Amino acid sequence: MSRGISDVVVHVARPFEAGERERLEQELSIAPRIRAVRGSPNARQLVLVDFDPGTISALGVLRR
């Protein structure tokens, strides 16, 4: 049973190289339990991932 939507902020330790952030966003966004993926234009090493905590945990998102 779904408990709504939660989010997790993913910090990438090194700066993204050309196209890497877009590929990460695309790969995460096609996962069925992940609802939305957004990068921050002001914080290039952060990605916000919205997910359904009834079907995947925050740790599951990070492992993905």
In the chain, taking the dipole from +1 charges on Lys and Arg beta carbons and -1 charges on Asp and Glu beta carbons about the Cα centre, the listed residue (Gly60, Val9, Val47) farthest towards the positive end is Gly60
How tilted is helix 20-29 with respect to the longest principal axis of the chain? Cα atoms for both, answer in degrees (0 to 90, nearest 10). 10
A correct Karplus calculation of ³J(HN,Hα) over the range 46-54, with 6.51 cos²θ - 1.76 cosθ + 1.60, θ = phi - 60°, whole Hz and x for Gly and Pro, returns 10, 9, 9, 10, 8, 8, 8, x, x
Bridge type composition, the chain - antiparallel percent by DSSP, nearest 5: 100
Rounding to the nearest 20 debye, state how big the charge dipole of the chain is about its Cα centre with +1 on each Lys and Arg Cβ and -1 on each Asp and Glu Cβ. 120
Taking all protein chains in place and a 1.4 Å probe, what share, in percent, of the accessible surface of the chain do carbon and sulfur account for? 53
So, for the chain, what is the accessible surface per residue at a probe of 1.4 Å, expressed in square angstrom? 68
Explain nothing, just compute: Karplus ³J(HN,Hα) = 6.51 cos²θ - 1.76 cosθ + 1.60, θ = phi - 60°, for every residue of the range 8-16 in order, whole Hz, x for Gly and Pro. 9, 9, 9, 9, 9, 4, 10, x, 5
The simple spin-label model distance between Glu22 and Ala58, using points 7 Å out along Cα→Cβ, in nm, is 3.0
Answer rounded, prolate or oblate for the chain, using the Cα gyration tensor with square roots of eigenvalues a ≥ b ≥ c: rounded when a/c is under 1.5, else prolate when a/b is larger than b/c, else oblate. prolate
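The values are calculated or read from the model by the stated rules, or taken from the named source; none is laboratory data. All of these numbers come straight from a predicted model, not from anything done at the bench. We place every Cβ from the backbone using ideal geometry, glycine too, and count neighbours over all the protein chains shown. Just the protein is used for accessible areas: all its heavy atoms, side chains included, with ligands, DNA and RNA removed. Shrake-Rupley method; radii C 1.70, N 1.55, O 1.52, S 1.80 Å.
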